[in-house]
Amino acid sequence: MQAKTWGWLGVLGIGLLGLGYVYGQRSWSPMGGMMGGRHGGNGMMMSKTVSDVATSQTTTAAHPLALPKRLKPTQATKTKVSYTLTAQTSQMAFKPGTKTKTLGYNGNYLGPVLQVRRGQTLQIKTRNQLTRPTTFHWHGAIVPGKDDGGPHQVVAPGQSKTVAFKIQQPAATLWYHPHAMGSTAKQVYQGLAGLIYVRDKQSDQLHLPDKYGVNDFPVVIQDRSFTKNNQFDYDAAYNSDGTKGNTLLINGTFNPYIRVTTKLVRLRFVNGSNARNYQLKLSNGQAMQQIATDGGLLSKPVAVKTLKLSPGERGEVIIDAAKFKAGQPVTVKNGQQVVLTLRSAQKKVSDGQLPANLLSVPTVNTTNAQHQTLAFNGMGTMVSINHQQYSKDRIDLTAQQDRPQVWTLKNTGTMMGGMIHPFHLHGVQFRILSINGQAPPANLQGLKDTVALDPDSTVKIAFNFKDRGIYMYHCHNLEHEENGMMGQIKVS
Ligand SMILES: [Cu+2]
C-alpha cells in the first residue's frame, strides 16, 4: 500500500503530507484526512492519510472532457419519453496500458444523459446485465416510493423492470445510481452513475447557456485509486469512513480540458464521489455565478468564490469567460488538485445570457407541519441515525402525503471530532430553513435533496411528500450508508 501510494503521489505528495495530516475530516479541506475505519488505529493512520491526499494533477490537461451520450429515447411523444437503461460490465482505457474493468450503463463507464421535460412521463426499462443484484435509483426525482429504486426494488441479474413516473418538478440536473444494500458503494465506485436533465418552459425562457458540450457541460467529479495494473480495487481502497481515491476522474476523464468558445459557460457540477467533499474554485480568483442547486434554479444568480459539494450534491454555475485569454488556461481547482482546465479560444461568441433574476423557488408552508428530529452519530461501522442502524424490515418514521414536514437534522459529532454527513432524502426536494439557527447562505436557498451536515451542526429542512410509498433517508457518504446510516419512512 505504501509503495502504491508513494508511486502516485510523487515528490509533491511529500510536500502535501503535512497538510493532509493536519487537516481533519471535520473540515472541508480538499485534502481532508481520514482516521479510524477498517485501516484505523494509530499505527496505520499516517499511511491512510497519505493515500487520502489526492494526486495534484498539475500537468497540462491532456484529454478532452468526455461527454456522456444523450440517450436516444425508444419512444417519445409530447407526454411521454421512454428509455432503456442497461447496467453492464465493461472495461475502459482511463490511462495508457491495461484497460480498467468497469461497470457502466449502456456503455463502459458512467451512463448516458436521460432528458425529460416537466409534465412528461418518464418511462425507463431497466435491465441488469451484471453478475450481481442492483437497483436503479433516481436521485432527486419526485417519484412514488415503488418507482424510486431504493434497496427494496432489486433487479436480479439477467432481469429487467420497467418504471414510469410523471415529472412534476422544475428543470434540474438529477442523477441516477444503484442503491442495492451491500453493493451501492462498490457499484458506484466501479462506474454506475448517470445524469437526468429535466427541462421546463420557464427555464427555457431564461435563455441560459444550454448547448450541450458547447456552452453547457456536465462535470461529474469522482475520485478513484488505480492499482499498478490500472484496476479499481474497491476492497483494497475501502475505508469504513468513506472510500476515497488519489486520482480525479471527471466524467470518467483523467486530467480533462474543455475548449471555451463562448463568453458564458455553464458547468453542471455533480459530486459523484463515494465520500470526498469538494471545494471548487477558479484558479484566477474569479467568482462563479451559481444558478442552480440539486433540485433546480435559484431565484437569482449567486456569486460564489468557493462552491462546496458533498457527495450527492449538485451545483450549476455560469462562468464569465469573456476575459479569458487564449494560451492562458483557467482551471477549476479543489485545493491543489486541478478538476478541469478551461482553454479559451481566440474569439468567443456571445451565446446565452445571465439574467438578473431566475425563477422563484417553491416555498413550503410549514403551518401544521409534522416535526421529526434525526441525530446522526458515530463513525466507521458504528454510524447510526437516532442510535439505530438500518434494518430493511423496520419502518423508522411515518408521514402523510402532502402534509408539510419540518425535520431537524443534528450531526452530533463524536469524541474524535466527527465527520461531515451528507444527508439525502429520497422522493422529495426540500428547502433549508436554517443552519445552526441562521438563514442558509443564498446559494443554499434553492431546492435541495442532499445537504452537508457539518460536525456539531443542526440543519432544519422543510418539504412535502408529493407521492406515497417507502423512502430512504441516509448519509450519502456511501460507506456510511452501507454501514447502516440509513432509515426508511413510510408515507401514506
Ligand atoms: Cu456519514
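Quick notes on this structure:
- Those strands (runs of 3 or more DSSP E) lying entirely in the range 222-303 with at least 3 residues among the hydrophobic types (A, V, I, L, M, F, W, C): 247-250, 264-271, 288-293
- Pro329 vs. criteria open to solvent by 40 Å² or more (accessible area, probe 1.4 Å) and either under 24 Å from the mean Cα position of the chain (by Cα) or without any contact (Cβ under 8 Å) to a residue 12 or more places away in the chain (or both): no
- Residue match in the range 166-186 (condition: closer than 24 Å to Arg268 by Cβ, part of a strand (DSSP E or B) and more than 22 Å from the chain's Cα centre (by Cα)): yes
- One residue stands out in the range 221-244 among those that are open to solvent by less than 10 Å² (accessible area, probe 1.4 Å) and under 22 Å from Gly315 (Cα atoms): the one that is nearest to the ligand (Cβ to nearest atom), namely Gly242.
- Just so you know, in the range 269-287 the residues that are in contact with a helix residue (DSSP H, G or I) (Cβ under 8 Å, 6 or more places away or on another chain) and not hydrophobic (A, V, I, L, M, F, W, C) include one that is farthest from Tyr189 (Cα to Cα), and it is Gly272.
- Counting only strands (runs of 3 or more DSSP E) wholly contained in the range 310-378, the ones carrying 1 or more residues that are touching a strand residue (DSSP E or B) at 6+ places or on another chain (Cβ under 7 Å) and within 16 Å of the ligand (Cβ to nearest atom) occupy 370-377.
This table checks each residue for (1) in a strand (DSSP E or B); (2) of a type in the set (Gly, Ala, Ser); (3) away from the ligand (no atom under 16 Å from the Cβ).
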{"position": "Ala452", "(1), (2), (3)": "yes, yes, no"}
{"position": "Ile461", "(1), (2), (3)": "yes, no, yes"}
{"position": "Tyr471", "(1), (2), (3)": "yes, no, yes"}
{"position": "Gly484", "(1), (2), (3)": "no, yes, no"}
{"position": "Gly487", "(1), (2), (3)": "yes, yes, no"}
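The values are calculated or read from the model by the stated rules, or taken from the named source; none is laboratory data. Because the structure is a prediction, the values reported are computed rather than measured. Cβ: placed from backbone, ideal geometry, glycine included. Neighbour counts: every protein chain shown. Ligands, DNA and RNA are excluded from the accessible area calculation, which covers all protein heavy atoms including side chains. Shrake-Rupley method; radii C 1.70, N 1.55, O 1.52, S 1.80 Å.
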